[in-house]
Structures are given as C-alpha cells and as structure tokens.
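S.K.: Below you will find the structure I want to go over with you.
The values are calculated or read from the model by the stated rules, or taken from the named source; none is laboratory data. In this text the structure is predicted, and so the values were computed from the model without any measurement. FYI the Cβ positions are ideal-geometry reconstructions off the backbone, even for glycines, and counts take in every protein chain you see. Just the protein is used for accessible areas: all its heavy atoms, side chains included, with ligands, DNA and RNA removed. Shrake-Rupley method; radii C 1.70, N 1.55, O 1.52, S 1.80 Å.
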Amino acid sequence: MNLPNKLTVLRVIMIPFFVFFYLTGKVYIADVLFIVASLTDMLDGKIARKYNLVTNFGKFMDPLADKLLVAAALICFVEVDRIPAWIVLVIISREFIISGFRLVAAEGGKVIAAGYWGKIKTAVTMVTIIFMIPNFGGIFLDASWIYPLEQILAYASLILTIISLIDYLVKNKEVLGGEM
C-alpha cells in the first residue's frame, strides 16, 4: 500500500464524514472535507506518476473514489433541494457509461486515459460543489448574485459532462468495434 493508494483510501473514508457533516448542517466542516478529498485526488495522481508508483489498485480505486465523492455531494444537494435531480442523474449516468466503457476496453487490453474535456469537467464540477456546499445565499447581506452563479456553475458542469461523454465515446469508438 503505497502513498498514492493510501490517499485514495483516505478519500473514500472521508466520504461518509462529508455526508454526515453536510446533512447535519455543519457545511463548513463538510466543505473543508470535500476540499481536502479533492486535493488528495490531484496529489495521489501526481505522486504516483512522478515516483512510478502506479498500481492496478490505484488505476481501479482512484477513479472510483472520485465518482463516489462527487456522487455523494450531488445526491446530498438533491436531498436538501439545492440542485435538480435530473442534473445529478445525467452526471452520474455519464460516470457509469464511462466506467462500463473502460471495462470493455480493459478486457481488450486497452487502457483509456482521461481526456481533456473530462479533466475540465471534473475541475468545474469540483469547483461547483465546493462553491455550493456552504450555501452562501443565507450569509451575505446582498446575496442575490449567489443563486444565479450556482445555477451557472451547475449547468456548466452538466454541459461539460455531456461534451466530455460525447468526446470520450467518439475518440474511443473502436472499443465497441467501431459501432458508433
């Protein structure tokens, strides 16, 4: 169990704590946990590549940990009526589609790395979640600009989710025998 894998496991362990603190109204603790978990995502990959510590466990668990973290936050937002369920459904569905696609590719001996659009989608989604967790709308004296900004970020995540899915499928259509 090397350092990048430990960071990935730490990220997974942080998820229930994030959910607990968010749903019990301790949003600043939840936000800190989400930020730390997001940073471990960036850090574990950099360490693994820099020191040649890439493992099969890491290849499997790192993207899974990311998906679990983002899905947990988005589902929490639905629970407290902060984001429409259909947006969360589209975002989570994309993750299932990509994961299934990667499994098919792996069976064929092909490893598919994250693409440019996927990385942008992940970054924007993480920023969106970090921004939405505290629910700033109730804190500032004049917070009328907060809700529209949250909506813009949420829809940007949605649009990037769809773009990255299409880009991923088109660039890797040979995985399904070119049947696209």
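S.K.: Tell me which of these K50 doesn't satisfy, since it passes every other one: (1) in contact with a helix residue (DSSP H, G or I) (Cβ under 8 Å, 6 or more places away or on another chain); (2) over 30 Å from V170 (Cβ atoms); (3) not small (G, A, S).
M.R.: The single condition K50 does not satisfy is (1).
S.K.: Something else now. Just checking, how many residues over the stretch 111-121 are in contact with a Lys or Arg (Cβ under 9 Å, 6 or more places away or on another chain) and part of a loop (DSSP other than H, G, I, E, B)?
M.R.: At the first step, the residues of the stretch 111-121 found to be in contact with a Lys or Arg (Cβ under 9 Å, 6 or more places away or on another chain) are 111-112, 115, 121.
Checking which are part of a loop (DSSP other than H, G, I, E, B) leaves us with 111-112, 115.
Matching residues across the stretch 111-121 total 3.
S.K.: Just to check your reading of the model, which residue among I83, I120 is touching a residue at least 60 places away in the same chain (Cβ under 8 Å) and open to solvent by less than 60 Å² (accessible area, probe 1.4 Å)? Steps first, answer last, please.
M.R.: Working: I120 fails: touching a residue at least 60 places away in the same chain (Cβ under 8 Å).
Checking each option against the conditions leaves just I83.
S.K.: Give the number of residues within the stretch 7-29 that are open to solvent by 30 Å² or more (accessible area, probe 1.4 Å) and touching a residue at least 60 places away in the same chain (Cβ under 8 Å).
M.R.: Counting residues in the stretch 7-29 that are open to solvent by 30 Å² or more (accessible area, probe 1.4 Å) and touching a residue at least 60 places away in the same chain (Cβ under 8 Å) gives 1.
S.K.: For the stretch 53-95, give me each residue that is basic (K, R) and either modelled with pLDDT of 95 or more or touching a Leu at 6+ places or on another chain (Cβ under 6 Å) (or both).
M.R.: Correct list: R94 only.
S.K.: Scanning for something open to solvent by 50 Å² or more (accessible area, probe 1.4 Å), small (G, A, S), assigned to a loop (DSSP other than H, G, I, E, B) and modelled with pLDDT under 85, does the stretch 130-140 turn up at least one residue?
M.R.: No: the stretch 130-140 contains no residue that is open to solvent by 50 Å² or more (accessible area, probe 1.4 Å), small (G, A, S), assigned to a loop (DSSP other than H, G, I, E, B) and modelled with pLDDT under 85.
S.K.: Would you check which residues across the stretch 31-52 are within 15 Å of M1 (Cβ to Cβ) and out of contact with any Leu (no Cβ under 7 Å at 6 or more places or on another chain) and list them?
M.R.: The answer is A48, Y51.
S.K.: Those residues that are among the hydroxyl-bearing types (S, T, Y) and farther than 18 Å from K121 by Cβ, I need them from the stretch 40-93; list them, please.
M.R.: T40, Y51, T55
S.K.: Regarding the stretch 152-160, can at least one residue be identified that is open to solvent by 60 Å² or more (accessible area, probe 1.4 Å), at pLDDT 85 or above and not β-branched (V, I, T)?
M.R.: Looking only at the stretch 152-160, we keep the residues that are open to solvent by 60 Å² or more (accessible area, probe 1.4 Å), and these are 152, 155, 159.
From what is left, the residues that are at pLDDT 85 or above are 152, 155, 159.
Adding the requirement that they be not β-branched (V, I, T) leaves 155.
Within the stretch 152-160 (the criterion being open to solvent by 60 Å² or more (accessible area, probe 1.4 Å), at pLDDT 85 or above and not β-branched (V, I, T)), the answer is yes, since at least one residue qualifies.
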